[in-house]
1. Of the residues that sit in the range 753-768 and are open to solvent by 70 Å² or more (accessible area, probe 1.4 Å) and either of a type in the set (A, V, I, L, M) or touching a His at 6+ places or on another chain (Cβ under 6 Å) (or both), which one is modelled with the lowest pLDDT?
2. Would you confirm whether any residue within the range 491-503 is at positive phi, out of contact with any Phe, Trp or Tyr (no Cβ under 8 Å at 6 or more places or on another chain) and either in a strand (DSSP E or B) or surrounded by fewer than 19 Cβ atoms within 10 Å (Cβ to Cβ) (or both)?
3. Is there a residue in the range 481-489 that is closer than 20 Å to ARG375 by Cβ and among the aliphatic types (A, V, I, L, M)?
4. Collect the residues in the range 128-143 that are in contact with a helix residue (DSSP H, G or I) (Cβ under 9 Å, 6 or more places away or on another chain) and either open to solvent by 50 Å² or more (accessible area, probe 1.4 Å) or free of Cβ contacts under 8 Å to residues at least 60 places away in the same chain (or both), keeping them in residue-number order.
5. Would you call GLU440 closer than 30 Å to GLU172 by Cα and open to solvent by 10 Å² or more (accessible area, probe 1.4 Å)?
6. Can you pull out every residue in the range 181-208 that is more than 14 Å from ALA162 (Cβ to Cβ) and part of a helix (DSSP H, G or I)?
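The values are calculated or read from the model by the stated rules, or taken from the named source; none is laboratory data. Since this is a predicted model, take the numbers as computed values, not measurements. Neighbour counts run over all protein chains shown; Cβ positions are idealised from the backbone, glycine included. Keep in mind that these areas ignore ligands, DNA and RNA; they rest on the heavy atoms of the full protein, side chains included. Shrake-Rupley method; radii C 1.70, N 1.55, O 1.52, S 1.80 Å.
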Amino acid sequence: MPGFTAMRDDLLRQLESSQTGLTSAQARFRFLRDGPNALEEAPKVPAWRRFLTQFESPLVILLILAALVAAVLGEWLDSAAIGIIVLLNAAFGFIQENRAERAIAALQDMVALKATVLRDGVEMLVDARNLVTGDVILLPEGSKVPADGRLLESFSLQVDEAALTGESVASEKDARASIAADAPLAERTNAVFMGTHVRRGRARAIVVKTGMRTELGKIAGLVQGIGEPPTPLQVKLEQLGRRLGFLAVCVCVLVFLSGLWSGVPLADIFLISVSLAVAAVPEGLPAVVTITLAIGVQRMARRHALVRRLPAVETLGCATIIGTDKTGTLTKNEMTVRHVWTDGAMVDVSGTGFSSQGTLSQTGKPVGRHVALDRLLECGVYCNSASLTANGVLGDPTEGALLVLSEKAGVSVQDLRRQGTLVEEVPFSSERKMMSVVRERDGKRTVYCKGAPEVLLKRCTRVLWEDTASVLTSAVEKKILARNESFAKAGLRVLALAYREGAKGSGIEQGLTFLGLVAMYDPPRDEVRESVRKAQAAGIRVVMITGDNPLTAQSVAREIGLEADRVSDGHAVSAATDAELDRLCAGCSVFARVSPEDKLRIVASLKRLGQVVAVTGDGVNDAPAIKTADIGVAMGITGTDVAKESADMVIADDDFSSIVAAVEEGRTVYDNIVKSVLYLVSCNIGEVLTIFAAIALGLGRAFGIESPLAPIHILWMNLVTDGMPALALGMEPKEPDAMRRPPRRRDDAVFSRARFLRAAFVGVWMALGTLLLYWTYLENQPEKAVTVAFSTLIFFQLFFALSSRSERHPLWHVGFWKNPWVWLAILAAAFLQLVAVQWPVANGVFQTVPLAAPDWLNIVAVCVTLLVAVETLKTAKKWG
């Protein structure tokens, strides 16, 4: 394999590549030969082993022991039935876990690393796993290096190699450097390595090693990920399960002792108590929560919000602040140059978007070419990292707009770029707010700069006026700033351009000659005003945090419905103490001309004020603010790889509305998990109370019946009426008022006192209704009593599944048929129960007898009372 010590031209020949990259045919062949550019994953746990983990629960082990005890005591039917139910439960849990894993894996594919590569001489975006040796890759600032490569060219390049070397300071890189063959990793200054990040500058490199052959691949065993840790909600629910388990064991001990005291045979009361302990604990809850989270994540993905960390799904429902960028998030990021101000005159530009169809005119007449305009167009093309393609612009939209401006003026971008060579580049940064390049042509070097007008003007000493470079007087400077202010008030984004002939030595960005202003319009997204209103109605405050001009920010803020009477700039933020900043952040919703450090302080201040903050970012320097926020949000289109890796969520379309949609889905996920928890616990309380009360009161003893439910009945309910409806509730669509109520508190209990009282109410109602029918049939048709009690409890739970579709709203409000999965689960469970009761073969297994139509009518009449009661309380606002 060619090494990093080879000269660039020699390396290109050895890899049979060129400065314009491989052909598509070469890339395909090498991919088939070498395999994907990916690290080997840790071996997956085999399916059979994952199936066996379903039997590791202490409750399942207890159930297996109960089946063995039943067999020893000669209760072969009970033993076989318990064994079958255990297997069915295990299969159900295995299927649920597989489904959740597939959902999460699919989402990981959606946020897979992309790389910009030259193929057939054309820039294109490909999955990083498709890179091969010999590919020429482009590495802009903020990108993650996708493979080991030798630099072909570099400009002010600094790479964070902490993942490989442990060095916290970014490494300086230079394509022209020569290194020794035995140079350690940290000293290979002409190379870049997979898994590192471009912190500053940009580069072009040729891929030398891929996949497990890279430096990162050599230590892949050390960096392979471990499983996703449980989310805070999952931890809370696990604690709830343990508490319920303790209570269930206590109740079951009482049932066992009560049964022994009442003379129930030891084998019978033992099996009943064990089965009740299993049924009383919602052991299916973790799987239901995982599936519900996975469903929520998939819904978010369909709405362009890609979740990278599961806890973000929960936290979204608590968000009280959305701190958002302006450009590309609130606006379309479709920059169009509307005006050019140069040589003291206004030039109007027609056309929209990135089409080169358009003209330059003054007072309605075509503009004649002159030195100042030509120089300005030249500067806009040279001080620029974007490129025009058949599909639009590749790169920053602002830079793309400058290229389109040149084409509209009849100046070919390609022709201009062929003239001379790029010698040096000082990249744009949020701190400097400007960019500079040095180009050499015919032995002469020229500096071209662009940036914020107030920043660039301070570096200018001359102005190109009437085709002559004159001294920049204070009067002319005031005139320029006044024109900049008028553009900004109109909501236009303004860039200043300048140049300097001769660029040797230090201080190349001083003594510049001012060329003019370019004013661009970036319209707000069509749906953003409604999304802002929706967020505000949901109790979420929207805060604009932008590096743009304060007047431009204020104009856009007003246009989209933000409170914009007060605008704070970066100077005010950086000069404020923490206490002063807290007061400022409490009342200001628009921050402009802020640096990444200012943004970080704003986020920290909002958190000190007790807010739950979601904040967006796209640049390398946004990473600290993204990490500090409660929910870090990166942009999928304009966001750098560094920003994406720091984020909890990536917005695929860079649209503010997608963030609001994600908040809505986050609230829905939490609502649905609570519904499933309330449903499962309520049903379990009903089962426990029914058996406990019947045995304690000795209701069936005179007829030789010890319990209204046999062990097989309890386990059947655990499988049929616990699992399917609880999962279906996790698929419930959003509540009608999901975005019309304030955010929930972060420390709100999943199973609050109010919810426990509701669960107890439902459980008591189920127990009373079941025992009422049980006692009635004991008096009249004792042979049917157990079957009726069994079916009554089942149908109580199915009717309650309908009521569980909303905590606050009656069924007619949420839409009777909006969740077909609930109906499917209810109908399936009802059908299976009918089979267990009416099919002669099942009668022997389930210890049931067939029921007549009047019996079923009695069961439905009693069970529907719970649905009526709960829906009446909801309508009267006495439930939720």
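1. Result: LEU757.
2. Going residue by residue through the range 491-503, those that are at positive phi are 491, 502.
Checking the rest, the ones that are also out of contact with any Phe, Trp or Tyr (no Cβ under 8 Å at 6 or more places or on another chain) come to 502.
From what is left, the residues that are either in a strand (DSSP E or B) or surrounded by fewer than 19 Cβ atoms within 10 Å (Cβ to Cβ) (or both) are 502.
Yes; the residues of the range 491-503 include at least one that is at positive phi, out of contact with any Phe, Trp or Tyr (no Cβ under 8 Å at 6 or more places or on another chain) and either in a strand (DSSP E or B) or surrounded by fewer than 19 Cβ atoms within 10 Å (Cβ to Cβ) (or both).
3. No, the range 481-489 has no match at all.
4. ARG129, ASN130, GLU141
5. Answer is yes for this residue.
6. GLU187
Rundown of residues vs (1) open to solvent by less than 10 Å² (accessible area, probe 1.4 Å); (2) in contact (Cβ under 8 Å) with a residue 60 or more places away in the chain; (3) more than 27 Å from ILE673 (Cα to Cα), yes/no style:
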| site | (1), (2), (3) |
| --- | --- |
| THR770 | yes, yes, yes |
| ALA785 | yes, yes, yes |
| PHE796 | yes, yes, no |
| ALA801 | yes, yes, no |
| PHE816 | no, no, no |
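So that you can scan it fast, the table gives a plain yes or no per residue for (1) more than 34 Å from the chain's Cα centre (by Cα); (2) free of Cβ contacts under 8 Å to residues at least 60 places away in the same chain; (3) outside any strand (DSSP E or B):
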residue: GLU399; (1), (2), (3): no, yes, yes
residue: GLY410; (1), (2), (3): yes, yes, yes
residue: GLU425; (1), (2), (3): yes, no, no
residue: SER429; (1), (2), (3): no, no, yes
residue: ARG432; (1), (2), (3): no, yes, yes
residue: ARG439; (1), (2), (3): yes, yes, no
residue: LEU464; (1), (2), (3): yes, no, no
